[in-house]
1. Suppose we keep only residues that are aliphatic (A, V, I, L, M) and modelled with pLDDT under 60 within segment 335-362. Which one would you say is surrounded by the most Cβ atoms within 10 Å (Cβ to Cβ)?
2. Within segment 92-110, count every residue that is surrounded by fewer than 20 Cβ atoms within 10 Å (Cβ to Cβ) and modelled with pLDDT of 95 or more.
3. Just the residues that are outside any loop (DSSP other than H, G, I, E, B) and either over 52 Å from the mean Cα position of the chain (by Cα) or surrounded by 13 or more Cβ atoms within 10 Å (Cβ to Cβ) (or both), please, taken from segment 133-161.
4. Arg113 passes all but one of (1) surrounded by 15 or more Cβ atoms within 10 Å (Cβ to Cβ); (2) closer than 21 Å to Arg59 by Cα; (3) of a type outside the set (Phe, Trp, Tyr); (4) out of contact with any Phe, Trp or Tyr (no Cβ under 6 Å at 6 or more places or on another chain); which number fails?
5. Filter segment 71-109 down to residues that are part of a strand (DSSP E or B) and more than 16 Å from Thr227 (Cα to Cα), then give me how many there are.
6. Is it fair to say Phe120 is assigned to a helix (DSSP H, G or I), at pLDDT 95 or above, farther than 16 Å from Gln61 by Cα and in contact with a helix residue (DSSP H, G or I) (Cβ under 6 Å, 6 or more places away or on another chain)?
7. Output yes when any residue across segment 33-44 is small (Gly, Ala, Ser), under 32 Å from the mean Cα position of the chain (by Cα) and modelled with pLDDT under 90, and no when none is.
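The values are calculated or read from the model by the stated rules, or taken from the named source; none is laboratory data. Source: prediction; values computed, not measured. Glycine also receives a Cβ, built like all others from the backbone with ideal geometry; neighbour counts cover every protein chain displayed.
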Amino acid sequence: MPTYEAPADAGWFHFLHGNVPGHQIDFIYRHTIPWGPLSRQHFGHLVRILKYIEPRDPREQAFAIGNLSRDDTQHEPGHGGIALVLSLRVHGARDHAGREDPSFSHAIVGVDRAFDEGAFVRAALSFREQLVESTRVTDEGVGFYHAYASCGEDPVRAGALLRSYVGDFDDLPAPGPSRLALQWTARGIEQPKRIVIMHDDGLPFEALVRCAGRIAAILYTSDVRWTMISNGREEDLPNGTTIRFMPTNALASAEDGVVVHRWADIPSDAEELAMLLFRAKPVHPLGGPKQRTPWRDEVTAGDDIEVTIDEAPARDEAKKAPKRRAWRWFGMVLAVVLAFGGICAAWFGREQGAERDEVAVYAPVVEAETPAPTEEPRQAPVPADSGKVVVKEPEKPMPVPPLHEALRSNAELERGLGGEAPADGEQVKASTGKAPARVQVRRKAAARTKEKRCTSHLDDCTTAQRQQGVD
């Protein structure tokens with residue numbers, strides 16, 4: 001089976017299906033699968049459409065719009081695969097089994113494209129025009145399929161002919177990438193398996209395409225599960241609703257799960273059409289009301305419109321604008337100043353806290369010392385040869401300086417060494433961390449100096465008391 005690969009920016013992928021010389025009814029020419037957004041699941045749904053589509057009138061073409069994403073696990077409305085299919089009978093030809101007028105089908109597939117009503121109509125009309133021109137049988141009874149059948153089993157000749165045929169469709173209008181989303185919802189509503197639209201015989205193809213395109217645009221952006229829209233006489237596809245156009249004389253008896261509408265009852269308004277066929281309601285952004293048709297579309301060419309413009313509100317708004325801007329700038333400057341002040345306060349607070357921590361760590365520790373015990377005063381010796389008994393009054397004990405005075409003396413000595421002494425009654429606790437070696441040496445030297453001075457002071461006091469007792 002010959003295949004091809006389309007360019008990266010191609011809007012359509014082509015699939016040709018029909019009688020293969022020396023083989024059977026199969027794909028004559030198709031695109032490589034998978035390819036980018038085109039998946040095997042899309043191809044599987046397309047196979048079922050191409051295999052069974054059949055024109056109701058052998059002189060006309062069967063037209064179908066197929067949904068290739070009805071079974072996608074992560075399907076989003078407004079996205080997915082769409083197939084436009086045309087099928088016809090090739091007059092004057094025979095298939096591999098000798099049957100006359102074999103069927104030939106051509107499908108173009110687009111995936112994740114912005115399919116709206118206009119895109120469907122433009123693509124379908126151009127597609128049919130080019131297909132009829134390419135497969136037209138000349139007066140000599142030669143057309144595309146006749147030329148293809150004459151290639152027999154020569155792959156070189158057949159490949160060149162097929163590439164040339166597909167190249168004739170390069171100018172088909174293709175919609176751009178889709179940015180569509182859910183626009184119609186029928187959640188919770190059970191849909192029929194088939195919706196039939198009855199029309200009179202001889203319905204123009206353009207009228208059929210416009211109605212089918214309007215319905216397809218609604219279904220493509222809805223949460224309704226659908227399979228295809230067709231005017232052929234093939235069987236319905238499962239797992240979804242099928243919309244079928246049928247002439248009045250071809251309508252059979254009523255069937256279960258089949259809803260029938262007349263062509264004259266089909267509205268042109270999309271909202272009314274969605275409600276009639278699927279009981280679907282429009283979904284609008286932010287839950288707002290339905291947007292009305294722009295006024296320019298509602299006004300006819302002969303109507304006169306009187307427009308009154310009041311300029312006073314505009315002038316008032318223009319005067320208020322500079323004041324609003326001035327207040328806005330003042331608020332911004334004030335916010336910057338407050339933020340800068342907060343940063344500075346936090347910075348200076350952190351610096352003072354660091355200095356207090358450093359003083360607490362390296363401040364010298366002053367320990368209170370207990371004064372040394374004083375010796376009892378000695379009495380003067382009494383001569384042995386004197387007959388007098390000298391009785392002396394007991395001497396008063398030498399006053400011992402109170403503890404707070406000794407601590408005050410230590411504080412004065414500490415100030416003399418350059419340190420700071422604690423206040424009266426304040427207990428100084430040593431830091432839990434170890435001071436540096438240099439600080440410890442200084443502390444030991446200061447302690448020895450204080451001890452010497454305290455001892456000297458107490459000796460002086462003792463000597464003074466003795467002198468007072470002798471005197």
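1. Across segment 335-362, the extreme among qualifying residues is Val361.
2. Within segment 92-110, the first condition is being surrounded by fewer than 20 Cβ atoms within 10 Å (Cβ to Cβ), and the residues that meet it are 92, 94-102.
Still in the running and modelled with pLDDT of 95 or more: none.
Counting residues in segment 92-110 that are surrounded by fewer than 20 Cβ atoms within 10 Å (Cβ to Cβ) and modelled with pLDDT of 95 or more gives 0.
3. Ser134, Phe144, Tyr145, His146, Ala147, Tyr148, Ala149, Ser150, Arg157, Ala158, Gly159, Leu161
4. (2)
5. Residues in segment 71-109 being part of a strand (DSSP E or B) and more than 16 Å from Thr227 (Cα to Cα): 11 in total.
6. Here the answer is yes, as Phe120 does meet what is asked.
7. yes
Yes/no matrix, rows are residues, columns are (1) surrounded by 22 or more Cβ atoms within 10 Å (Cβ to Cβ); (2) in contact (Cβ under 8 Å) with a residue 60 or more places away in the chain; (3) within 27 Å of Thr241 (Cβ to Cβ); (4) charged (D, E, K, R):
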residue: Phe15; (1), (2), (3), (4): yes, yes, yes, no
residue: Gly22; (1), (2), (3), (4): no, yes, no, no
residue: Pro34; (1), (2), (3), (4): no, no, no, no
residue: Leu50; (1), (2), (3), (4): yes, no, yes, no
